[in-house]
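Structure record follows, encoded as structure tokens.
The values are calculated or read from the model by the stated rules, or taken from the named source; none is laboratory data. Note that the structure is predicted; figures quoted are calculated from it, not measured. We place every Cβ from the backbone using ideal geometry, glycine too, and count neighbours over all the protein chains shown.
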Amino acid sequence: MKIAVIGAGLMGRAAVYDFAQVDTVETIGVFDINAELAAEVSRTYGNEKAVSGKLDAGDVDAVAAVLNDYDAALSCVTYAFNPGLTRAAIQAHCHLVDLGGNNDVVRTQLEMDEEAQKADVLVVPDCGLAPGMVSVLVADGISKFDNVETVKIRVGGLPQSPRPPLNYQMLFSAEGLINEYWEPCLILEGGRKKTVNPMTAVELLEFDGLGKFEAFYTSGGTSTLPDTYEGKVDFLDYKTIRYPGHCAVFRPMLEIGLASRKPVDINGTQVEPRAVFKAVLERNLSFNEPDMTLVRIIFDGEKDGALKTMVYEIIDRQDINTGLTSMMRMTAFPAAIVALMAANGQITVRGCKPQEIAVSPAPFIQQLKKRHIQLSIKE
């Protein structure tokens, strides 16, 4: 197999590392607007299987020309490029998986379903952690019930040793973080889709051996689940896990306009508050200290006429041996698994499909275990 990785940032590096460990992957193409960065990632993580090149992810024809030589591609660039990358993949007859992160962008991609089917191509948007892996786990859990009443998804990437006042460190892009905290959140309530405000409905929860945390609504985590399970599940929501007190400190900064894209005049210069806020977050919260990822999905429903509760849980920590952060592993590895499943024929469906529909949970979970991402299921 030949796999292309578009974007040589943190998640792209982890994806290249993962593909390089797979015997059936012969060639990994590493592409980025920064040719030197792509070459460095290729050398460092490619296990002598990788080649690199400069590529503008916004140039659809150029991307299609590159993807003509590959069986599947993984987009690790910001979600704004994904509609164009989808068109390029369809043009090149190359399967595509991306890390997603924006519901409107995903809807645009899903509208290309018929074109992808005609091209005999599979495009799976919104892969990664959440949105991403959790959607496949939700599909797996729901399949074990006769009727599911509620699905509660709780996910968080956190520093192992928190620093006040935010008790957080940058584990992925500041743009992505602000988007999650700023955009509306889609849930199911009464079996119907409903929009709720981000950074609301704070709840407390606890993980054995780790202590207490808080969780609150953020955007994007439910991905296409509300569309897929509308009328089938009464209640489904997603909340992000943080250390207690994080929401109370962070939310006022957004409320006074620091996430706004509307420029303000500073001594005659037009400055976008969001751009400044992103730069400040990246400068002051990039501690590069060991991290961990927490996942908990709670299912309530019926099986064989009896009430049933089931809990899926993952506690993942930074890999000391490889230097890959937990967030890199938990975001890039699941997306890489889906790309590999498409390339090797394990996924036969074609079109632009949500992963809870396209991906068979059993082989996917088996591949997570091979990567030492341990899923605990409690009934």
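The rows are residues; the columns are (1) touching a His at 6+ places or on another chain (Cβ under 6 Å); (2) modelled with pLDDT of 95 or more; (3) loosely packed, with under 13 Cβ neighbours inside 10 Å.
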site: Tyr229; (1), (2), (3): no, yes, no
site: Asp237; (1), (2), (3): no, yes, no
site: Pro252; (1), (2), (3): no, yes, yes
site: Ser260; (1), (2), (3): no, no, no
site: Glu282; (1), (2), (3): no, no, no
site: Arg296; (1), (2), (3): no, yes, no
site: Glu302; (1), (2), (3): no, yes, no
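Residues that are in contact with a Leu (Cβ under 7 Å, 6 or more places away or on another chain) and surrounded by fewer than 21 Cβ atoms within 10 Å (Cβ to Cβ) do not occur anywhere in region 69-91. Any residue at all in region 51-63 that is crowded, with 22+ Cβ neighbours inside 10 Å, within 25 Å of Gln117 (Cβ to Cβ), among the hydroxyl-bearing types (Ser, Thr, Tyr) and at pLDDT 95 or above? No, region 51-63 contains no residue that is crowded, with 22+ Cβ neighbours inside 10 Å, within 25 Å of Gln117 (Cβ to Cβ), among the hydroxyl-bearing types (Ser, Thr, Tyr) and at pLDDT 95 or above.
Residues are listed down the side, and each one gets a yes or a no for (1) out of contact with any helix residue (DSSP H, G or I) (no Cβ under 6 Å at 6 or more places or on another chain); (2) not in a helix (DSSP H, G or I):
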| site | (1), (2) |
| --- | --- |
| Val16 | no, no |
| Glu36 | yes, no |
| Ala39 | yes, no |
| Gly53 | yes, yes |
| Tyr70 | yes, yes |
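Glu203 passes every criterion in (1) crowded, with 21+ Cβ neighbours inside 10 Å; (2) under 16 Å from Ile298 (Cα atoms) apart from (1). Checked against (1) at pLDDT below 95; (2) in the same structural domain as Leu96 (by TED's automatic domain parsing); (3) not aromatic (Phe, Trp, Tyr), Gln169 meets all criteria but (2).
Which one is surrounded by the most Cβ atoms within 10 Å (Cβ to Cβ), of the residues in region 17-41 that are of a type outside the set (Gly, Ala, Ser) and closer than 16 Å to Gln367 by Cα? Among those residues, the one meeting the criterion is Phe19.
Checking each residue in region 334-351 for being part of a helix (DSSP H, G or I) and more than 12 Å from Asp98 (Cα to Cα) picks out Leu340, Met341, Ala342, Ala343. Please state which one of Pro164, Pro159, Pro198, Pro184 is crowded, with 20+ Cβ neighbours inside 10 Å, without any contact (Cβ under 8 Å) to a residue 60 or more places away in the chain and of a type outside the set (A, V, I, L, M, F, W, C). That would be Pro198, the only listed residue that is crowded, with 20+ Cβ neighbours inside 10 Å, without any contact (Cβ under 8 Å) to a residue 60 or more places away in the chain and of a type outside the set (A, V, I, L, M, F, W, C). For region 324-361, the tally of residues that are under 22 Å from Pro226 (Cα atoms) and either in the same structural domain as Pro159 (by TED's automatic domain parsing) or out of contact with any Gly (no Cβ under 6 Å at 6 or more places or on another chain) (or both) stands at 14.
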